[in-house]
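As structure tokens, the structure follows; a few thoughts come after it.
The values are calculated or read from the model by the stated rules, or taken from the named source; none is laboratory data. Worth saying up front: this structure is predicted, and the values here are computed from it rather than measured. Note that each Cβ is placed from the backbone with ideal geometry, even for glycine, and that neighbours are counted across all protein chains shown.
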Amino acid sequence: MNFYSIFGFIIATVVLYIGLRLSTDNMMAFYDVPSMFIVFGGTFASTAVCFQLNRFVVLFKIFLRRVIYGKKNLMPDAIKEILLVADAFKKGDSLSEVKKKIQDPFLIEACNIIEDGIIQKSEILSIMEKRNENITYHSMEEANKIKTVSKFPPAFGMIGTTIGMIVLLGELGGEDAMKKMGPAMGVCLITTLYGAVVANMLFIPVSENLIESSKDAFVKNKLIIEGVNLLMDKSNPILIVEKLNSYLSPAERLDWKKVVKK
Amino acid sequence: MNFYSIFGFIIATVVLYIGLRLSTDNMMAFYDVPSMFIVFGGTFASTAVCFQLNRFVVLFKIFLRRVIYGKKNLMPDAIKEILLVADAFKKGDSLSEVKKKIQDPFLIEACNIIEDGIIQKSEILSIMEKRNENITYHSMEEANKIKTVSKFPPAFGMIGTTIGMIVLLGELGGEDAMKKMGPAMGVCLITTLYGAVVANMLFIPVSENLIESSKDAFVKNKLIIEGVNLLMDKSNPILIVEKLNSYLSPAERLDWKKVVKK
Amino acid sequence: MNFYSIFGFIIATVVLYIGLRLSTDNMMAFYDVPSMFIVFGGTFASTAVCFQLNRFVVLFKIFLRRVIYGKKNLMPDAIKEILLVADAFKKGDSLSEVKKKIQDPFLIEACNIIEDGIIQKSEILSIMEKRNENITYHSMEEANKIKTVSKFPPAFGMIGTTIGMIVLLGELGGEDAMKKMGPAMGVCLITTLYGAVVANMLFIPVSENLIESSKDAFVKNKLIIEGVNLLMDKSNPILIVEKLNSYLSPAERLDWKKVVKK
Amino acid sequence: MNFYSIFGFIIATVVLYIGLRLSTDNMMAFYDVPSMFIVFGGTFASTAVCFQLNRFVVLFKIFLRRVIYGKKNLMPDAIKEILLVADAFKKGDSLSEVKKKIQDPFLIEACNIIEDGIIQKSEILSIMEKRNENITYHSMEEANKIKTVSKFPPAFGMIGTTIGMIVLLGELGGEDAMKKMGPAMGVCLITTLYGAVVANMLFIPVSENLIESSKDAFVKNKLIIEGVNLLMDKSNPILIVEKLNSYLSPAERLDWKKVVKK
Amino acid sequence: MNFYSIFGFIIATVVLYIGLRLSTDNMMAFYDVPSMFIVFGGTFASTAVCFQLNRFVVLFKIFLRRVIYGKKNLMPDAIKEILLVADAFKKGDSLSEVKKKIQDPFLIEACNIIEDGIIQKSEILSIMEKRNENITYHSMEEANKIKTVSKFPPAFGMIGTTIGMIVLLGELGGEDAMKKMGPAMGVCLITTLYGAVVANMLFIPVSENLIESSKDAFVKNKLIIEGVNLLMDKSNPILIVEKLNSYLSPAERLDWKKVVKK
């Protein structure tokens, strides 16, 4: 479980609740069913034309899998796991044993191909590079779809407020026009609020989160490909650590004295 | 027929109707001929300067062909069809028989060229790659045209509201100015509403839909080109499935045990 | 003459006139000299700083030459003309005769270079490719200049309205403030209207039109380069048609049975 | 001196003055020191964080050197100057004489390197290409910095108006609230006006001007590099003119009969 | 310490203070805790979903390290330091002595690798180029993250104002509605003000600052790589100065007569 993301959503909810609470004690002032219907219904309808309905489930699954359950790509851990594989490979041990200790799915995939022993090293690397590009392409596409969808809630917020204003203004004209107008306009603005909140606290941050994690995964997979390259050459583990360290920011770098078993 | 798209439009219409209905019982409040004229007429006029009138029919045809009648590119089905062709090609059967069972137009085109038997394999692949690029270029261009057009309805919505406000404010000055102003302003806002709805429920989602399907078709055609490459080498069907699987997301992947005939 | 463009402008004018007319009978309500001055003068002044005055005439000429007089690039016609040249070249006839029947300026240029007979085929193709890139670069630059200019009219519309509001609000304070305010605000908004109309009915569509025709011309010229390549190899006319057809969308494709003389 | 740019600024000032004058006789209505302070001070402060203070002087120098003193890159003149150098080089004359007649700094630089006689032709061309890229990179960077800065004046215009509105609305509540509100709101809007004018008449056009001239200089320098390539091969002057003409638009092209000395 | 950046922030604070002060004597008019909470809390919450909480500390460290403590990359100084290293390398002296006089971290890193004496020259250059790309990629990513975050404060400013308006309008309807409305609306606008100020005086300039310094560092590191290339060839110091000068703008260029020791 990705506790950072869940924590982020909890923070967002709490901030929103306190923000509304600080403004008024009457929280019902922000509750309006037609406004909800216009913002969520409109966003749903436009997304249905954009991406076809069966994609909805997919987008929701992506959200769950990558934002809620997804784990941060920890590059130092990946280096350590590569060292384990390198050690086993050098000794000629079966990789099936070492695979159980590995968590990174891309490295496990690599181990599977190596274990098969059919494909040559250069081809293994080219297959892994192609898969990395493919994975990144698909995950960036998904993130960009959510970014596209993030433009609809504010648009429907605005549409809802316009609808409300048209109705409201159309009924003006009586004696107490100005008195009635105030509260009614407040209700109109709720749609704008819903649209802005949904976009800025849900869709935009989630799409940025996905873009971010796609890029991180791309760099991490490149590191793993480089690591597989080195381990198949049965390189010195110190050299492996030093070479892979160049993918990390200085603060993250591993000290080979600590990670290489003597 | 693409039922997802049609369903999307139905949902959009229903959402819009309910949204308006929730706001007022008097649906006529949202009906205003001059506003319609300004939004649709203005969008039409500006598009006529942008893309020349004869393109209109083309854009409309594209809409019908690709959004309404278009089918989702199903990559697993494409792999199955490639297996059929590969089987016939390996046995030396005539491809004209197997072509009847195939639905993908790009694969049929490939079969036609192979059947002719004149052009060499490497050249077949390069022609198919060029055609794929060409098709994608044209379909992306069309999608971007609709995206360009999608900026006009909100602009003319704003222009219409400004026109209405100029007239309305110019007539103010009498005793009951404030009383008349309300309903008249409501009418002004209808143009804004039309512009926002047309852009966000029609043009923007349709252009995104076309961009999406262009990208999908590009990847699917690349898969077919790779498949033709493999089948002309008379590769093992298991290998074909495994290699082409790498274009699919893990959930979509085919199990060769199920699709390869023993 | 490009009747589509002229028609487009006529439609735009008519739509605008009817749109205004539907709103009020008093068309003078939309006539305000200071507003015109601010929108057109401001756009002119900012453009003068952007691109230097002597470019104005050039931009206007481009508008006339490419939007009003320009013709749509008809790729099927270009293929037919290439066939004429190919026929003459194969027979060893002088190209000066066939050039008279050709309308495409890029193909005529190619004929001139071939006729000179000095430059080798491979160099002819590289020169033509360079020229095509050069032409496209310049015409895209021009279109982007007009796109840049298209941002000024709405900005000056907004500036004009702000100026008007400052003056208007500064004079408020008397008894009948609210009564005077209405009509005066109406006048302020006219500047906004001018800016929006000029941008959305003139500058934006014209720049899109130029971008569009630049891209079309680029593809058409690539087709001609390919055609010259084929004709200088004295290729079979059927092959020429079939190969060049791949640049066309399926609906436009020529049937070689109709266009190749027996 | 670049009279076109100076003229552009004069036009902008005159247009602005007339525009304001047409709206009111009381020009003092547009004079407000706090508004000026917020727009200019805020833009200055944000720019100081963006680019560090010592860059300010540099940006101002660039403005003077390139917008006010800068000359338009005249490609036909560059061709004529290349012909002069080519003539001297062919005859084996000293280039120091011909350099005095040349105005283009990039061509003078090239003459200096050729005169030194140490570096080989191919290396001269690669050095010149690298310098051209370097110059363009730096001048585009400078133009983009001004484009970045151009977003601050409207933002601070909006901030100033918001500050004014907060103060103004906070003081409402008395009897004559509505009467006081009008003129005070007018003053608030002045900040918006300043921000919009400064951005649209100064920063945006100047950045476009610099981008434009950077691109022009890049193409002109490429022409000179090609020219140096040709002249060092002691090519025929007619060939030089014809080859370099391809960098010009058809209307600018030189007639070699006029420019080549017999 | 980067005094320019610190100075920039001081200027921004002073400008903001004076700007507010010029508008009113009652500075408390701009102090509103709920508004602060919504803008900062909302920005924090959305950023927490975007980039995960542990990144916050990293982003803040980057801010301190690069904006406050970071130094401008001085390319002329880098050339002088390269000359020192070149001198020592030519004489065969130990680089450990000369390293103490050097400040540029990238050059020190290069010295370390050279001193080790294990890796070949061509590989040293390729490692340094890869590291330069890596460093630039990471620092641009960080700058872009701050740019992404800069969109949240104005959004939450708008959300806060909408919340305030909903509450305010909902309570209207009594006798003295108009009187109460003024001051309350003023309070609503404070959130907009906070959002605009935080974005335009903090996040946007800081992100531009980081982008700027990333680009500068990239060019400076390329200069150092070129310098290391030259010094390992034991090139003439005059040649080193002249070649590296081409990375500098003309005004910055070093005169080799002054910097090369005889």
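Run C:VAL33 past the list (1) surrounded by 22 or more Cβ atoms within 10 Å (Cβ to Cβ); (2) facing chain D (nearest Cβ under 10 Å); (3) among the aliphatic types (A, V, I, L, M) and report the number of the one that doesn't hold.
The number of the failed condition is (1).
Restricting the range D:149-167 to residues that are free of Cβ contacts under 8 Å to residues at least 24 places away in the same chain and in contact with a Leu (Cβ under 7 Å, 6 or more places away or on another chain), which is surrounded by the fewest Cβ atoms within 10 Å (Cβ to Cβ)? Show your work before the answer.
Pass one, the range D:149-167, residues free of Cβ contacts under 8 Å to residues at least 24 places away in the same chain: D:162, D:165-167.
Subsequent filtering for residues that are in contact with a Leu (Cβ under 7 Å, 6 or more places away or on another chain) retains D:162, D:165-166.
Values: D:THR162: 25, D:MET165: 21, D:ILE166: 26.
Of everything passing the filter in the range D:149-167, D:MET165 is surrounded by the fewest Cβ atoms within 10 Å (Cβ to Cβ).
Among the residues of the range C:133-148, are any more than 8 Å from chain D (Cβ to nearest Cβ), among the acidic types (Asp, Glu) and either crowded, with 17+ Cβ neighbours inside 10 Å or within 15 Å of the chain's Cα centre (by Cα) (or both)?
Yes, the conditions are met somewhere in the range C:133-148.
Quick one: is E:ASP77 more than 11 Å from chain A (Cβ to nearest Cβ), of a type in the set (D, E, K, R) and under 30 Å from E:GLU226 (Cα atoms)?
Values: more than 11 Å from chain A (Cβ to nearest Cβ): yes; of a type in the set (D, E, K, R): yes; under 30 Å from E:GLU226 (Cα atoms): yes.
Considered against the rule, which asks whether it is more than 11 Å from chain A (Cβ to nearest Cβ), of a type in the set (D, E, K, R) and under 30 Å from E:GLU226 (Cα atoms), E:ASP77 comes out as yes.
Scan the range C:101-114 and report the pairs whose first residue is under 19 Å from D:LYS243 (Cα atoms) and whose second residue is assigned to a helix (DSSP H, G or I) and of a type in the set (S, T, N, Q), with Cβ atoms within less than 8 Å and a gap of 6+ or a chain change.
C:PHE106/C:ASN132; C:PHE106/C:ASN221
Kindly evaluate E:ASP116 against the criterion of being out of contact with any helix residue (DSSP H, G or I) (no Cβ under 9 Å at 6 or more places or on another chain) and within 14 Å of another protein chain (Cβ to nearest Cβ).
Values: out of contact with any helix residue (DSSP H, G or I) (no Cβ under 9 Å at 6 or more places or on another chain): yes; within 14 Å of another protein chain (Cβ to nearest Cβ): yes.
The answer is yes for E:ASP116.
Within the range C:219-254, can you find the residues that are under 26 Å from C:GLY92 (Cα atoms) and of a type in the set (Asp, Glu)?
The answer is C:GLU226, C:ASP233, C:GLU242.
Tell me yes or no: at least one residue of the range C:62-70 is among the hydroxyl-bearing types (Ser, Thr, Tyr), outside any helix (DSSP H, G or I) and either at the interface with another protein chain (Cβ under 10 Å from one of its Cβ atoms) or under 29 Å from C:LYS215 (Cα atoms) (or both).
yes
Scan the range D:102-110 and give yes if some residue there is within 29 Å of the chain's Cα centre (by Cα) and within 29 Å of D:GLY42 (Cα to Cα), otherwise no. Give the derivation first.
If we filter the range D:102-110 for residues that are within 29 Å of the chain's Cα centre (by Cα), which is where we start, we get D:102-110.
With within 29 Å of D:GLY42 (Cα to Cα) added as a condition, the list becomes none.
No: zero hits.
Scan the helices (runs of 4 or more DSSP H) fully inside the range D:203-262 and keep the ones with 1 or more residues being modelled with pLDDT of 90 or more and closer than 29 Å to D:TYR4 by Cα. Before you say what the answer is, go through the steps one by one.
Values: elements: D:204-232, D:237-245, D:256-259.
So the answer is D:204-232.
From the set of residues in the range C:149-160 that are within 12 Å of C:PHE203 (Cβ to Cβ), more than 8 Å from chain D (Cβ to nearest Cβ) and not hydrophobic (A, V, I, L, M, F, W, C), which is nearest to the chain's Cα centre (by Cα)?
C:SER150
Among the residues of the range B:205-222, what is the count of those that are facing another protein chain (nearest Cβ under 8 Å), more than 15 Å from B:LEU59 (Cβ to Cβ) and either crowded, with 23+ Cβ neighbours inside 10 Å or within 10 Å of the chain's Cα centre (by Cα) (or both)?
3
Test C:ASN54 against the stated conditions and say whether it is among the polar types (S, T, N, Q) and away from chain D (no Cβ under 14 Å).
Working: among the polar types (S, T, N, Q): yes; away from chain D (no Cβ under 14 Å): no.
So C:ASN54 does not fit the description; no.
Contact list please: Cβ distance under 9 Å, first residue in the range C:241-259 and more than 9 Å from every other protein chain (Cβ to nearest Cβ) and surrounded by 13 or more Cβ atoms within 10 Å (Cβ to Cβ), second residue part of a loop (DSSP other than H, G, I, E, B) and of a type in the set (Asp, Glu), pairs at least six apart or on different chains.
Short answer, once both residue conditions are applied: C:VAL241/C:ASP255.
On the basis of being in contact with a helix residue (DSSP H, G or I) (Cβ under 9 Å, 6 or more places away or on another chain), over 30 Å from B:VAL197 (Cβ atoms) and either more than 7 Å from chain B (Cβ to nearest Cβ) or at pLDDT 90 or above (or both), does A:ILE38 make the cut? Outline the logic, then answer.
Numbers: in contact with a helix residue (DSSP H, G or I) (Cβ under 9 Å, 6 or more places away or on another chain): yes; over 30 Å from B:VAL197 (Cβ atoms): no; either more than 7 Å from chain B (Cβ to nearest Cβ) or at pLDDT 90 or above (or both): yes.
So A:ILE38 fails the test.
Give the range D:85-128 a look and list any residue that's surrounded by 18 or more Cβ atoms within 10 Å (Cβ to Cβ) and closer than 15 Å to D:LEU223 by Cβ, or say none.
Within the range D:85-128, D:VAL85, D:ALA86, D:ILE102, D:ASP104, D:PHE106, D:LEU107, D:ALA110, D:MET128 qualify.
Exactly one condition in (1) within 13 Å of chain C (Cβ to nearest Cβ); (2) over 27 Å from the mean Cα position of the chain (by Cα) is false for B:VAL49; which is it?
Checking B:VAL49 against (1) within 13 Å of chain C (Cβ to nearest Cβ); (2) over 27 Å from the mean Cα position of the chain (by Cα), the one that fails is (2).
Suppose we keep only residues that are more than 10 Å from chain D (Cβ to nearest Cβ) and at pLDDT below 80 within the range E:170-202. Which one would you say is farthest from the chain's Cα centre (by Cα)?
E:GLU175
For the structure I just gave you, tell me whether C:SER35 is touching a residue at least 40 places away in the same chain (Cβ under 8 Å) and over 27 Å from the mean Cα position of the chain (by Cα). Show your work before the answer.
Details: touching a residue at least 40 places away in the same chain (Cβ under 8 Å): yes; over 27 Å from the mean Cα position of the chain (by Cα): yes.
Yes: the conditions hold for C:SER35.
Residues E:LYS215, E:LYS234: which one is of a type in the set (D, E, K, R) and on the phi > 0 side of the Ramachandran plot?
E:LYS234
Has the range E:8-16 got at least one residue that is of a type outside the set (A, V, I, L, M), surrounded by fewer than 18 Cβ atoms within 10 Å (Cβ to Cβ) and in contact with a Leu (Cβ under 9 Å, 6 or more places away or on another chain)? First the steps, then the outcome.
To start, the set of residues in the range E:8-16 that are of a type outside the set (A, V, I, L, M) comprises E:8-9, E:13.
Of the ones still in play, those that are also surrounded by fewer than 18 Cβ atoms within 10 Å (Cβ to Cβ) are E:13.
With in contact with a Leu (Cβ under 9 Å, 6 or more places away or on another chain) added as a condition, the list becomes none.
Checked against the condition, which is being of a type outside the set (A, V, I, L, M), surrounded by fewer than 18 Cβ atoms within 10 Å (Cβ to Cβ) and in contact with a Leu (Cβ under 9 Å, 6 or more places away or on another chain), the range E:8-16 yields no hits at all.
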